[in-house]
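Asker: Quick one: structure below, then a few questions.
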Amino acid sequence: MSNGKLKTQISLCLMMFMQYLLLAVWWVPYVAYLTNAGISGNLKALIMSSMAIGFMASSVMGAFADRYFPAQKVLSFSNFVVAGLLACTGLTHNTTLAVILIFPIMLLHMPTWSLTGAIVLKHVQPEHFPRIRLFGTLGWVASGLFSLVFIKVFHVTVFDGGTLPFLCGSGVALIASVLNLTLPNTPPGGEKDKISVSELLGFKAFTMFRDRNFLVFTLCAFAAVLAYSLYYTFGAEFLQDRRFEYITITLNWGQVGELFFLFITTILITRFGFKKAMIIGLAAMLARYLSFWWGSVSDTPAFYIVGILFHGVIFGLFFVTGQIYTDKKASDALRAQAQGLLAFLLWGVGLLVGNFICSNLIDANTTIDAAGHTIYNWSVIFGVTSGFSLIVLLLFVVFYKNENG
């Protein structure tokens, strides 16, 4: 490998590491912050859906990167503004203002996930993408060190669920903004004439649904996110109810598994093809919720850890494989918009709908005892998501036709 290619790959890996670190340090324990602030029910679901609403702007950011501005500069600007907003969120003593600020933060940050994917895929072959993307997972895992240091070294009583994570995220975002300017130049790939509303909203990428398999994949992925959101959004609430002390670190065990599976994702896609790789990912989601269900039925916390460890298989072999599949299906002029469209539908609309479904599922299976304690019926909650995961898996197996194995 030449020095130039090595430098490019290192800069792309560092970009991924910082981009996911800056979110994970405060977002993973955020649901616990809301719980501690006395926010619950549909209001909590709405606030946690700020991530989904942020993803809805992915097509807009992707359209601008495709047409007008170098992608690395768009990324740098977004991180710079996010750094300032996170600092304000961490410093304010007004909970209402802190909650309101989360929405512009997510509108600016979440589209960068598809944008970073488009940047990587512009400079490396698609089969190398998972191994660069795993540095994003490494950044997510590293976020747990913040809570460990503040609790063990600085003797902070409460880190997860407090305001310090926002300030940590602000510092990381500022550093990331500066580093983004050193990324390889990623100029717009589309024509620079006047942009239409349909392109601005990413509607042009909808032409990809003429491909039957891509349509089946997207619909099944959308359905999968509905179940996935129970773990992704409310995992911290579940662990807090189970009396786990280090919530971020415990959830990050899933990212540790993700590191391994992202490393071998390319090998598995080459060996099995897109369909079989994604089937394994969906089967892992079913296995996760069955593990959670059995853990709650048998009161065996070890099964919760088993369920968390399935995260790497799910994310690597279904969702990241789906990104690679989408890139292969898209033309050069639509690559950023295609990734933006996928993010919009899955992590925007899908996560938004899933959050409200799961929030109501949790509320329907929660009671208050005579002493005022909240009692969750997790066995029923995880039983429902297990059944739904099985249905999604079967639909994908039946309707997605083999293309390359």
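Asker: State which residue is farthest from L14 (Cα to Cα) when the search covers only the stretch 39-93 and only residues that are under 17 Å from the mean Cα position of the chain (by Cα) and not in a helix (DSSP H, G or I).
Answerer: S49
Asker: Farther than 16 Å from S229 by Cβ and crowded, with 17+ Cβ neighbours inside 10 Å: does that describe G383?
Answerer: yes
Asker: While we're on this one: Pick out the one residue from L219, L230, L183, L226 that is in a loop (DSSP other than H, G, I, E, B) and at pLDDT 80 or above.
Answerer: Checking each option against the conditions leaves just L183.
Asker: Could we say that G202 is in contact with a Gly (Cβ under 8 Å, 6 or more places away or on another chain), under 25 Å from W378 (Cα atoms), modelled with pLDDT under 85 and crowded, with 18+ Cβ neighbours inside 10 Å here?
Answerer: Criteria not met by G202.
Condition check ((1) modelled with pLDDT of 90 or more; (2) among the charged types (D, E, K, R)) across all residues:
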| residue | (1), (2) |
| --- | --- |
| K73 | yes, yes |
| T116 | yes, no |
| Q125 | no, no |
| S143 | no, no |
| V153 | no, no |
| A176 | yes, no |
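Asker: Something else now. When you check V398 against the structure, is it among the hydrophobic types (A, V, I, L, M, F, W, C), closer than 23 Å to S49 by Cβ and either surrounded by fewer than 18 Cβ atoms within 10 Å (Cβ to Cβ) or in contact with a strand residue (DSSP E or B) (Cβ under 9 Å, 6 or more places away or on another chain) (or both), yes or no?
Answerer: no
Asker: Another question about this same structure. Going by the conditions given, is Y289 part of a helix (DSSP H, G or I), among the hydroxyl-bearing types (S, T, Y) and touching a Gly at 6+ places or on another chain (Cβ under 6 Å)?
Answerer: So Y289 fails the test.
Asker: Taking the stretch 245-254 as the search range and keeping residues that are under 17 Å from F146 (Cβ atoms) and at pLDDT 80 or above, which one is nearest to the chain's Cα centre (by Cα)?
Answerer: Here is the first cut: in the stretch 245-254, the residues under 17 Å from F146 (Cβ atoms) are 245-253.
Those left that are additionally at pLDDT 80 or above: 250-251, 253.
On the way: T250: 17, L251: 13, W253: 15 Å.
Selected residue: L251.
Asker: Right, another one. Given the conditions (1) over 30 Å from A330 (Cβ atoms); (2) modelled with pLDDT under 90; (3) surrounded by fewer than 22 Cβ atoms within 10 Å (Cβ to Cβ), and given that A87 satisfies all but one, which numbered condition is not satisfied?
Answerer: Exception for A87: condition (2).
Asker: Cβ-Cβ below 7 Å, separation at least six or inter-chain, first residue in the stretch 206-219 and over 19 Å from A343 (Cβ atoms), second surrounded by fewer than 17 Cβ atoms within 10 Å (Cβ to Cβ): which pairs?
Answerer: The qualifying pairs are N213/K401; N213/E403.
Asker: What is the residue count in the stretch 356-388 for residues that are touching a helix residue (DSSP H, G or I) at 6+ places or on another chain (Cβ under 7 Å) and not in a helix (DSSP H, G or I)?
Answerer: Of the residues in the stretch 356-388, 2 are touching a helix residue (DSSP H, G or I) at 6+ places or on another chain (Cβ under 7 Å) and not in a helix (DSSP H, G or I).
The values are calculated or read from the model by the stated rules, or taken from the named source; none is laboratory data. Please read all numbers here as calculations on a predicted model, not as lab measurements. Every residue, glycine as well, gets a Cβ built from its backbone with ideal geometry; the counts of neighbours run over all protein chains shown.
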